[in-house]
Amino acid sequence: MITQPITLVLLPGMDGTGLLLQPLLEVLPDFIRPAVVTYPPDQPLTYRELKPHVIKQVPGELPFFLLGESFGGPLAIMIASDCPPNLKGLILCGTFAKRPIYLPLPDFTLLLGLKLYMAIPSVLRNRLLDPRPTRRITDLLMQTQRTVNPEVWAKRASEVFKVDCTEELDCCTVPLLFLVGSRDRLIPRRSVRLIIRLRPSAAKAEIDAPHLLLQHSPVEACQAIAQFINSTSTKTATNQLTRMNGG
């Protein structure tokens, strides 16, 4: 059992504000200390350009776990592949290691990203949420839309159509938990299968939720996260004790 607080670094989805993580933050147990990373709301950056912004915000002086939600998943994989010395585990939530949708004409990805931004209100109901989302989740989503520059939304959406960090995931050695929404209509099942194929030892928790599972089912997600952190930390401590005793 964990006796000292453990840091959980959270990389949010495409909005990058961290606002949508509030439902999860409210139910985290006391032994998990959250550290929410944010992305620049006015700079249209690629995944590779976002990475140093994220690294600056990671409090790596103490042991920590890293969680990447949706758009933040590839960023979390890229950082974990660098093997930070105090990283103890990686949690991927409703995300992908390689573009979930293939586009044969990559030059049009930015234009498509802008169109997706304009379609956010309808996409919310059709792909991200239940047919009858709660008022709180809808309000948080619309607040993020107002906070982030449209060009930034478009750029991040275009990056999703091009990203491929399968090599980074393949060389990532820390324990992995993969949270999947059973009613996720945004991330195709082949993206889930790819991550499991690359990391067959990964723990997988399937939750009865749409794409935004941390928002729709924060209690169930929290239980899976806390169990993973607790079991991983306990196992690490046991292995360290065994080595100290010459076992």
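Each Lys or Arg adds one and each Asp or Glu subtracts one; over the other residues with Cβ under 15 Å from the Cβ of C222, this totals -4. Annotation for F31 and C171: the two label points, set 7 Å from Cα along the Cα-Cβ direction, are 3.4 nm apart. Counting Lys and Arg as +1 and Asp and Glu as -1 over every other residue whose Cβ lies under 13 Å from the Cβ of T173, the net charge comes to -1. Answer rounded, prolate or oblate for the range 1-64, using the Cα gyration tensor with square roots of eigenvalues a ≥ b ≥ c: rounded when a/c is under 1.5, else prolate when a/b is larger than b/c, else oblate. In terms of gyration-tensor shape, oblate.
At 0.36 nm per residue, minus the direct Cα-Cα distance, what do Q223 and E151 gain on full extension? Give it in nm, one decimal, please.
22.3 nm
Counting other Cβ atoms within 10 Å as a rough exposure proxy, the listed residues M14, M142 run M142, M14 from fewest neighbours to most. Length gained on full extension, T38 to R197: 54.2 nm, using 0.36 nm per residue less the C-alpha separation. The label-point distance for R190 and T134, in a model that sets each label 7 Å from Cα toward Cβ, rounds to 3.5 nm.
Length available on full extension from E61 to S231: 0.36 nm per residue minus the Cα-Cα distance, which gives 59.1 nm. Going from the residue with the fewest nearby Cβ atoms within 10 Å to the one with the most, F178, F161 rank F161, F178. Of the residues V58, V27, V37, V180, the one with the fewest other Cβ atoms within 10 Å heads the list, and the complete ranking is V27, V58, V180, V37.
None of the figures in this text is laboratory data; all of them are computed from the coordinates on show. Model, not experiment: these values are computed from the prediction. Cβ: placed from backbone, ideal geometry, glycine included. Neighbour counts: every protein chain shown.
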